[in-house]
Amino acid sequence: SRTIRTQALAARVTYFTTIAGALAAVEGLQYIRNGGGLQVYSLQELTSGKGQAA
């Protein structure tokens with residue numbers, strides 16, 4: 001894992017050390033490419049119930 005990280009950082013390449021992590025990244029990229037939007041919320045919005053995610 002350390003060697004993979006070192007080499008990936010040196011080559012400026014995105015890397016994942018687990019299949020689950022790589023699959024989650026792929027799903028997120030597919031969502032964005034298919035027109036899914038991203039919403040940014042502050043922690044205060046999320047905990048106060050004013051944000052959509054609350």
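What number of residues within segment 17-47 are in a helix (DSSP H, G or I), surrounded by 11 or more Cβ atoms within 10 Å (Cβ to Cβ) and not hydrophobic (A, V, I, L, M, F, W, C)?
Residues meeting the conditions: 5.
From Thr3, Thr14, which residue is among the hydroxyl-bearing types (Ser, Thr, Tyr), at pLDDT 90 or above, loosely packed, with under 10 Cβ neighbours inside 10 Å and in a loop (DSSP other than H, G, I, E, B)?
Working: Thr3 fails: in a loop (DSSP other than H, G, I, E, B).
After applying the criteria, what remains is Thr14.
The values are calculated or read from the model by the stated rules, or taken from the named source; none is laboratory data. Keep in mind that this is a model prediction, so the values were computed, not measured. Quick reminder, even Gly has a Cβ in these numbers, built from the backbone with ideal geometry, and neighbours come from all protein chains shown.
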